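The values are calculated or read from the model by the stated rules, or taken from the named source; none is laboratory data. Given the structure is predicted, the values throughout are model-derived calculations rather than measurements. Neighbour counts are summed over all protein chains in view; Cβ atoms, including those assigned to glycine, are modelled from backbone coordinates with ideal geometry. Just so you know, the surface numbers come from the protein's heavy atoms only, side chains and all, with ligands and any DNA or RNA stripped out. Shrake-Rupley method; radii C 1.70, N 1.55, O 1.52, S 1.80 Å.
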Amino acid sequence: MNRLLLAGWIFFILLSVCTESFSGMVVSQTVAFHFQPHPDLSQFLDMDFTELTVPVAFIQKIGHVFSFFVLTYLLWKQRGSIKSAAAGSFAFAFFTEVLQLFFSRNGCIRDVLIDTVGIVLFCGLYVLVKRRKHEMYEKYESRLS
């Protein structure tokens, strides 16, 4: 079941990044692809964060964070290793941003960093929950002694 959820989530992310317009996909349920065999790879180095002042763009970046939070969780459930899940999610974030350049979208390193926020949030939550579980276990053990 975890494998199926993971495959479905990866498919959703790939569909979202390769379709000509994410908003067109969401609003008018139109999925269209426009392959660009020779993209301008210099766009990948864009680090302009001013786009985040536009509410629609900001909401879309929250979607990036959420997507990679969920991806990291699903990879962790599949692989059983938080480090492996984080590395896999980061590699996929990098891959999807480069892939966007070939589909007339603006893939950039800034979005890899935004995707990484979701990865780090999951890892942070994982550490907090694990620490809390350990503290509760020790407290329970001390009561038995």
Odd one out for Gly88 among (1) surrounded by 15 or more Cβ atoms within 10 Å (Cβ to Cβ); (2) in contact (Cβ under 8 Å) with a residue 24 or more places away in the chain; (3) under 15 Å from the mean Cα position of the chain (by Cα); (4) part of a helix (DSSP H, G or I): (2)
In the range 44-55, the residues that are at pLDDT 90 or above and surrounded by 13 or more Cβ atoms within 10 Å (Cβ to Cβ): Phe44
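Filter the range 1-30 for residues that are at pLDDT 85 or above, among the polar types (S, T, N, Q) and surrounded by 15 or more Cβ atoms within 10 Å (Cβ to Cβ) and give the result.
Ser16, Thr19
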Residue in the range 99-113 that is modelled with the lowest pLDDT, counting only those that are open to solvent by 20 Å² or more (accessible area, probe 1.4 Å) and under 14 Å from Ile13 (Cβ atoms): Arg105
Number of the exception - Lys77 against (1) at pLDDT 95 or above; (2) exposed (fewer than 14 other Cβ atoms within 10 Å of the Cβ): (2)
Subset tally (residues that are over 18 Å from Lys61 (Cβ atoms) and of a type in the set (S, T, N, Q)) for the range 84-127: 2
The lone exception for Asp40 - which of (1) touching a helix residue (DSSP H, G or I) at 6+ places or on another chain (Cβ under 8 Å); (2) without any contact (Cβ under 8 Å) to a residue 40 or more places away in the chain; (3) surrounded by fewer than 12 Cβ atoms within 10 Å (Cβ to Cβ) it fails: (2)
Candidates Thr96, Thr116 - the one that is under 13 Å from the mean Cα position of the chain (by Cα), farther than 14 Å from Leu41 by Cβ, open to solvent by less than 40 Å² (accessible area, probe 1.4 Å) and in contact (Cβ under 8 Å) with a residue 60 or more places away in the chain: Thr96
Residue match in the range 59-74 (condition: open to solvent by 60 Å² or more (accessible area, probe 1.4 Å), within 22 Å of Asn2 (Cα to Cα) and in contact with a Gly (Cβ under 9 Å, 6 or more places away or on another chain)): yes
Residues of the range 115-131 satisfying the condition of being out of contact with any helix residue (DSSP H, G or I) (no Cβ under 9 Å at 6 or more places or on another chain) and not β-branched (Val, Ile, Thr): Gly124, Leu128, Arg131
